[in-house]
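Worksheet: one structure, shown below.
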Amino acid sequence: MSSGTAALDVAVAALGLGEGDEVIMPTFTIVSCIQQIVRSGAAPVLVDSDPLTWNMDVSQALERLSPRTRAILVVHTYGLPVDVAPILDAAKERGIAVIEDAAEMIGQTCRGNPCGSFGDVSAFSFYPNKHVTTGEGGMVLTDDARIAQEASELRNLCFQRGRRFVHERLGWNYRMTNLQAAVGVAQLERLQENVERKRYIGRRYDELLADVPGVQLPLSSTGYAENIYWVYGLVLNDEVPFDAEQAIARLAESGVGCRPFFWPMHEQPVFRRAGMFAGERYPVAERMARRGFYVPSGLGLTDDDAERVAAALAALLR
Ligand SMILES: *Cc1c(COP(=O)(O)O)cnc(C)c1O
C-alpha cells in the first residue's frame, strides 16, 4: 500500500463495513484509524485508554460490544501492544472481525507472537519514523483469501481482469512502487538490530529520568510484552503547573525537539461539527492528550543526546 492510512482504508473497506455497523476503537489514536469507518457510514464506538499502558482499555472495549458490532480495531500504541487475547476470544465467539493497526509495532510481539499476525486484517505503515520505512508506504496482512483479493482490488482502482476499464465498484490507487518495496525489504535484515537499539534508548531514558520528579515514564514491560519504545512518551503529573504544550515549547528553547501525544477522536473539531460523539467523555485519553508528549528517540540518538534531553527535562521539572 502507499501508506499506513491507505492500508487502514483498505482494511475497513475489504471487510465491507458500512451503514448500520459499529466498530469499536480507541479514542486515543491517529485520525488514519477512523477516516474510512466514518466515510463508509459505519459508526465508530470509542473506548478510553489504560492510564499505564496508554493502549485501549480492553475491558471497556468488551463492555461496548453490541448486536451491531461488526469489528474491533486495536491500535498498538507507542511501544506496548494491546493484550489481544481477550479481544480475539470475544471476536471469535461473536463472529466479528478484528482489525489490527501494527504501524508502530514492527518487530514487537504479544505473548510471543508477532504484532500484525492477530487481525483478520492487519495494517502497517512504513512512514519515515516507523521501524521499517519506504519514505511513504504501508502494508495489509491477512490469512483470509477473500480479504486478500478484496484488498488487492481496492488498492488498484478495482480494475477487472479482462475488462480493465469497466468498473463494477470504486477503489483507490494505493499502490506501492517496486522501488520503495526494495528499500523496505532491505531494511528487514536490520529490523532486530534496530529494535534492540530502540530498547537500549528506552532503558537509557529510564535510568536517566528515574529521579526526575513530576513525570510518568512508560512501563518497561507488562505480563505479555517488553516495551519496544517506538517513541519514548512522558505524561506530566497533575501537580506540574504547566501542560504538554508548554513543556514542548520550553524544551524547544533548550534545543530539544519533542512531539505532542495524539489528540482524542471524540475531541476532533471535524467530528464535533458533524454532531458526532456529543457529550462523550474519555477522561484518561483527554488527560494524556493534554499532559503527554514524547522525547527524541530516533535510531541516530547518541548517549550524549539522551543525556542532554534528560538534563533539559530535569531543569524543567525540578
Ligand atoms: C503512522 C501511523 C499510521 C499512519 O501511517 P501513514 O503511513 O503515515 O499513513 C496509522 N496508525 C498508526 C498507529 C501510526 O502510528
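At a glance:
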| read-out | value |
| --- | --- |
| Residue tally, condition of a type outside the set (D, E, K, R) and part of a loop (DSSP other than H, G, I, E, B), over the range 128-178 | 23 |
| Residues (farther than 30 Å from R190 by Cβ and surrounded by fewer than 19 Cβ atoms within 10 Å (Cβ to Cβ)) located in the range 288-318 | R290, A311, A314, A315, L317, R318 |
| Some residue of the range 73-88 being away from the ligand (no atom under 15 Å from the Cβ), polar (S, T, N, Q) and at pLDDT 95 or above | no |
| Restricting the range 89-112 to residues that are over 20 Å from G233 (Cβ atoms) and assigned to a loop (DSSP other than H, G, I, E, B), the residue that is farthest from the ligand (Cβ to nearest atom) | G95 |
| Residues located in the range 76-104, provided they are out of contact with any Asp or Glu (no Cβ under 9 Å at 6 or more places or on another chain) and more than 19 Å from V10 (Cα to Cα) | P81, D83, A85, P86, I87, L88, D89, A90, K92, E93, R94, G95 |
| Options I147, I72: the member that is more than 16 Å from the chain's Cα centre (by Cα) and either of a type in the set (V, I, T) or surrounded by 21 or more Cβ atoms within 10 Å (Cβ to Cβ) (or both) | I147 |
| Conditions (1) closer than 28 Å to T109 by Cα; (2) assigned by TED's automatic domain parsing to the domain that holds T302: number failed by N237 | (1) |
| Residue count for the range 113-127, restricted to those that are of a type outside the set (D, E, K, R), in a loop (DSSP other than H, G, I, E, B) and either in contact (Cβ under 8 Å) with a residue 40 or more places away in the chain or near the ligand (Cβ under 9 Å from one of its atoms) (or both) | 4 |
| Residue check, N194 under 24 Å from the mean Cα position of the chain (by Cα) and over 15 Å from M1 (Cβ atoms) | yes |
| Residue in the range 183-193 that is more than 16 Å from the ligand (Cβ to nearest atom), closer than 28 Å to M139 by Cα, outside any helix (DSSP H, G or I) and out of contact with any helix residue (DSSP H, G or I) (no Cβ under 9 Å at 6 or more places or on another chain) present | yes |
| Scan of the range 92-107 for residues that are touching a residue at least 24 places away in the same chain (Cβ under 8 Å) and at negative phi, ordered by number | R94, I96, A97, V98, I99, E100, D101, A102, A103, E104, M105, I106 |
| Flag for S32 being surrounded by fewer than 22 Cβ atoms within 10 Å (Cβ to Cβ), within 20 Å of W263 (Cβ to Cβ) and of a type in the set (G, A, S) | yes |
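The values are calculated or read from the model by the stated rules, or taken from the named source; none is laboratory data. Predicted model, so just to flag it, every value in this text is computed and none were measured. For neighbour counting, all protein chains shown are included, and Cβ atoms are generated from backbone atoms with ideal geometry for every residue, glycine included.
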